[in-house]
Amino acid sequence: MIVLYNPLSTTPGKQPLPLSLMSLAAVLEAGAGDQGRSLKSEFKVGVQSRSSGSEFGAGVGGGYPWSLVDGNIVPDPAAEIIARLTGLPATAVSLLAVTVMPGPQLTQAVEVCRRVKAALPHVPIVWGGYFPTQHTDTVLRAPYVDFVIRSQGERALQQLADVLRRGGVLNSVGGLSWKTGRSTRSDRSDASRRLGGSGDEGRLANSEVHGSDLPEIVNNPVQPLATLDDLPDLPYHRVDMERYLHENYLGRRTIAHNSSFGCPFACSFCAVVAMSNRRWLAQSPARMERVMRHLVDTYRVDAVQMHDMDFFISEARTAEFAERIADLGLRWWGLGRVDTLMQYSDATWDKMARSGLRMVFSGAESGTDEALARMNKGGKSSAALTLELARRMRHYGVVPEFSFVLGCPPDPEQDVATTFEFIRRIKRINPATEIVLYTYTPVPLDGSLYTEARKQGFAFPDTLEAWATPAWQQLSMRRGDGIPWMDANSGGIRRRVRNFERVINAYYPTVTDARLTSWHRAALKTASAWRYALRWYSAPYELRALHRLIHYQRPETTGF
Ligand code: B12
Ligand code: SF4
């Protein structure tokens with residue numbers, strides 16, 4: 001049994017379909033077998049369904065038994081995981097596979113994995129996803145994590161399961177990192193024994209690594225990424241889809257989907273760079289159409305949030321997708337770069353608007369080209385293009401959602417002030433624009449921002465326990481805590497950003513919160529008008545009280 005665990009990541013009731021794990025589940029469900037057969041030759045991508053004979057299918061069967069534990073739904077994930085992994089036949093593969101991003105998700109993952117390891121020391125635990133891909137050594141220093149799979153996970157998890165089932169060397173598992181070296185105990189763990197063999201080289205090391213016995217870590221090279229159309233369809237039929245359908249600005253039954261992996265750019269604050277090494281792989285429009293039709297027909301989905309890191313990289317793909325789904329009446333949302341979207345032709349914008357595109361999230365990042373260059377934003381990005389895109393999207397009736405990375409060196413105060421003025425210009429051009437304000441949060445990626453942060457004393461924690469503390473959890477949420485130049489003035493920059501956000505969101509109430517009535521909007525606008533006119537953003541206590549009263553929802557919590 002392979003238990004796929006999605007640690008808590010959001011507030012109750014908002015849980016998105018856990019796509020990272022569903023992608024892994026698809027491969028386990030389909031079952032590639034382990035005799036060196038390629039995914040491509042083995043999987044029948046969406047060719048047939050075992051029960052209905054419709055075109056949407058889970059593949060050929062014969063994979064590994066798996067089950068999903070979603071920490072967004074299950075109140076005590078550790079107890080649930082232990083129950084599912086207890087009492088299995090000795091010959092069965094047991095494995096706990098965990099997806100982890102920094103923040104509260106990591107905090108729950110640490111606590112749960114520690115409990116599972118204590119209860120079931122023979123069950124190997126593998127972490128994958130954004131956090132372990134960037135901080136592999138820190139993860140493997142924890143005695144309760146045995147493996148990390150870096151980057152794309154489908155093929156690698158299958159390979160790891162094969163090695164666990166048949167014994168053999170771990171070197172063959174693409175992107176696997178694991179602990180090797182001498183055992184710290186005389187008896188080896190069950191999992192280790194199952195792998196057999198005499199030497200340690202390439203085999204599972206004892207998972208009980210304590211204190212100063214720092215493990216030696218081996219990092220297998222990441223394999224070439226699997227083409228997405230060669231991977232099987234997600235096993236929607238195996239989860240309670242009703243739990244993952246939500247009512248929001250887009251629709252009454254909104255689902256999450258992912259249609260590509262990676263991004264060809266290398267912005268210096270972005271975790272995607274380590275994940276895909278500037279590669280972008282995408283599902284074909286035909287595949288996407290087939291999945292959309294399945295979701296509409298089977299689950300009465302009426303809106304889709306595309307969780308791709310960069311949905312819009314290929315104009316041809318977007319245009320064909322928009323044409324293919326035009327008759328479905330879907331409303332959809334995606335993330336895309338400002339410069340890419342400005343390069344699209346009017347014909348493509350027409351098709352997108354007619355196909356139901358309602359909102360696009362873009363990293364506008366800053367109001368100056370110098371800051372964009374320091375962030376290594378790349379492409380043709382510029383502040384002027386951001387303004388143009390706001391104008392263009394107003395024309396097509398698509399809501400822009402622009403995020404900013406504020407308070408960057410060399411002069412964080414000035415950076416904040418300039419970007420505030422820039423945001424006011426955007427709002428004049430397109431008042432519906434949603435503004436999402438972040439402060440720079442380092443990722444371990446060379447670049448002037450990270451270099452500057454390190455120069456000023458910033459360092460990542462080197463244990464998972466430290467990452468799981470409230471301070472680091474807060475830092476991971478991109479609020480600017482713990483960044484040397486933000487802290488230098490006792491949090492003054494952070495406060496300025498939050499105050500500005502409060503005033504601008506009152507003066508231009510978000511269009512995406514369906515609960516805001518016209519009375520609410522008028523009250524917010526009136527109450528904030530004098531502040532906005534005088535640029536008096538500090539201490540907006542009365543607006544905070546008003547926001548509380550009407551259960552105001554911040555734009556950054558409505559998006560992905
Ligand atoms: C959906 C999503 C969420 C959802 C939650 C998803 C969930 N799992 O429950 C919500 C909206 C709640 C959310 C919240 C946050 N998120 Co988020 N989120 C995403 C998003 C858009 C999509 C993730 C996804 O499903 N991708 C599709 C799947 C198929 O791809 P994947 O995740 O990469 O998975 C593949 C591999 O990574 C790997 N893999 C992943 N997990 C595992 C596990 C195992 C065992 C293995 C073997 C392999 C493996 O294999 C998978 C298949 O190839 C990503 C960006 C992106 N497009 O990836 C950001 C992203 C992961 N989030 C991010 C952030 C920062 C946050 C927040 C901190 C934001 C904030 N300020 O609040 C919060 C933190 C939440 C928390 N509680 O910790 C960052 C992480 C940055 C970093 N430094 O690592 C990302 C990368 C966005 C970005 N560009 O910055 N998020
Ligand atoms: S374009 Fe977006 S996804 Fe790509 S590296 Fe930059 S911020 Fe990350």
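Only the coordinates and a few stated rules stand behind these numbers; no lab work does. The shown structure was predicted, so the numbers you read here are calculated from the model rather than taken from an experiment. Note that each Cβ is placed from the backbone with ideal geometry, even for glycine, and that neighbours are counted across all protein chains shown.
I need the shape label for the range 245-558. Rule: rounded when a/c is under 1.5, else prolate if a/b > b/c, else oblate, with a, b, c from the alpha carbon gyration tensor.
Oblate.
Work out how much length residue 517 to residue 394 would gain on full extension: take 0.36 nm times their residue separation and subtract the Cα-Cα distance, in nm to one decimal.
Once the chain is fully extended between residue 517 and residue 394, it gains 42.1 nm.
Hey, fewest Cβ within 10 Å first, where do 237, 257 land in order?
Taking fewest neighbouring Cβ atoms as first place, the list is 237, 257.
With only Lys, Arg, Asp and Glu charged, each at its Cβ (+1 for the first two, -1 for the last two), find how big the charge dipole of the chain is about the Cα centre; round to the nearest 20 debye.
The dipole magnitude comes to about 1060 debye.
Give the cysteines in the chain for which no other Cys Cβ lies under 4.7 Å away, or write none if there are none.
Among the cysteines of the chain, those whose Cβ sits 4.7 Å or more from every other are 113, 263, 408.
In what order do 125, 73 fall by count of nearby beta-carbon atoms within 10 Å, going from fewest to most?
Ranking 125, 73 by Cβ neighbours within 10 Å, fewest first, gives 73, 125.
Label-point separation (nm) for residue 425 and residue 242, each offset 7 Å from Cα along Cα-to-Cβ?
5.1
Where in the range 72-107 does the label zone of residue 471 land, with the point 7 angstrom along Cα→C-beta and an amide N cut-off under 18 Å?
Correct set: 103-104, 107.
Taking a ≥ b ≥ c as the square roots of the Cα gyration tensor eigenvalues, with a/c under 1.5 meaning rounded and otherwise prolate when a/b beats b/c, else oblate, which class fits the range 93-132?
Taking the square roots of the gyration eigenvalues as a ≥ b ≥ c, the range 93-132 is oblate.
Amide H of residue 307: which non-local residues (sequence gap of 5 or more, or other chain) have their own amide H closer than 5 Å, using H built in the peptide plane?
For residue 307, whose amide H was placed from the backbone, the distant partners under 5 Å are 257, 258, 259.
What is the Cα convex hull volume of the chain when expressed per residue in Å³?
Dividing the Cα hull volume of the chain by its residue count gives 146 Å³.
Using the number of other C-beta atoms within 10 angstrom as an exposure proxy, rank 510, 180 with the fewest first.
Final ranking by Cβ density, sparse to dense: 180, 510.
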